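Values in this text are rule-based calculations from the coordinates and carry no lab data. The structure presented is a predicted model; accordingly, all values stated were derived computationally and were not measured. Neighbour counts are summed over all protein chains in view; Cβ atoms, including those assigned to glycine, are modelled from backbone coordinates with ideal geometry.
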Amino acid sequence: MVEHFWLDGALIGVMILGILGTLYHRVKMGYGIGDRAIQLIGLCLIVPAVLILSLESKIQGETLGTIFGAIIGYALSGIGSPDQRKNRNRGKRPAADGEREENEGEIETNSK
């Protein structure tokens, strides 16, 4: 018999509600399933699973700390404004206020 039955059940409930809540929100608001939604669903599955395994003494304390450090790093990766993410993907920096975008209004010429 499982020693922490109610706590395990609550963590499984968090897993289910996290997935269904995220999907419901994305569909109701008319958004697609993007990077952050997939990341949230992954966290809703992984964190309770790790906690259940640690409560059942399948994972030791040192390993648990390492796993949670990796999870926190994953959750916080890529945090920044959407403009910074878009420009990082293009290899450009965001234009400052009053500054023109690169190649805006310029005619490219080939001088060979």
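Quick notes on this one:
- Computed lengthening from residue 31 to residue 76, 0.36 nm per intervening residue step minus Cα-Cα distance: 14.0 nm
- Other residues with beta-carbon under 15 Å from the beta-carbon of residue 75 carry, at +1 per Lys or Arg and -1 per Asp or Glu, a net charge of 0.
- Rounded if a/c under 1.5, otherwise prolate or oblate - the stretch 5-78, Cα gyration tensor axes: oblate
- Calculated FRET value between residue 38 and residue 8, using beta carbons and R₀ = 35 Å, to 0.05: 0.90
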